[in-house]
Amino acid sequence: MKYTWWIFQIFMMIISIFFLVFGIDLMTAAYTFKNPFDFIMTFFAASFIILISLALAISFVIKIIRVFRQLRNT
């Protein structure tokens, strides 16, 4: 398998983990707002960021595991 594929998958997983941490930090920051509208908008935006980044991180891990098992069996 090409090394660039592995580097790309690991790089994308690191980026998705970064956005996961950013979403968690944004969600904790939402609780400091006094205005309810700001809280709701920030809370839902952080939830959306966490959802997408977690789904991407899981998909990259599944891809890596599938390819690793395929390479191990051959």
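Out of all the residues in region 22-36, which are in contact with a helix residue (DSSP H, G or I) (Cβ under 6 Å, 6 or more places away or on another chain) and within 20 Å of Ser53 (Cβ to Cβ)?
At the first step, the residues of region 22-36 found to be in contact with a helix residue (DSSP H, G or I) (Cβ under 6 Å, 6 or more places away or on another chain) are 23, 26-27, 30, 33.
Gly23, Leu26, Met27, Ala30, listed by residue number.
Criterion applied to Phe68, Phe44, Phe22 was being free of Cβ contacts under 8 Å to residues at least 12 places away in the same chain and more than 27 Å from Lys2 (Cβ to Cβ), and the one residue passing it is Phe44.
Using the structure shown, decide if Ala45 is among the small types (Gly, Ala, Ser), out of contact with any Gly (no Cβ under 7 Å at 6 or more places or on another chain) and exposed (fewer than 14 other Cβ atoms within 10 Å of the Cβ). Criteria not met by Ala45.
Would you call Gln9 modelled with pLDDT under 95, part of a helix (DSSP H, G or I) and touching a Lys or Arg at 6+ places or on another chain (Cβ under 7 Å)?
Numbers: modelled with pLDDT under 95: yes; part of a helix (DSSP H, G or I): yes; touching a Lys or Arg at 6+ places or on another chain (Cβ under 7 Å): yes.
Yes; evaluated as a whole, the condition is true for this residue.
The values are calculated or read from the model by the stated rules, or taken from the named source; none is laboratory data. None of these values were measured; they are calculated from a predicted model. All Cβ positions, even for glycine, are placed from backbone atoms using ideal geometry, and neighbour counts span all protein chains on display.
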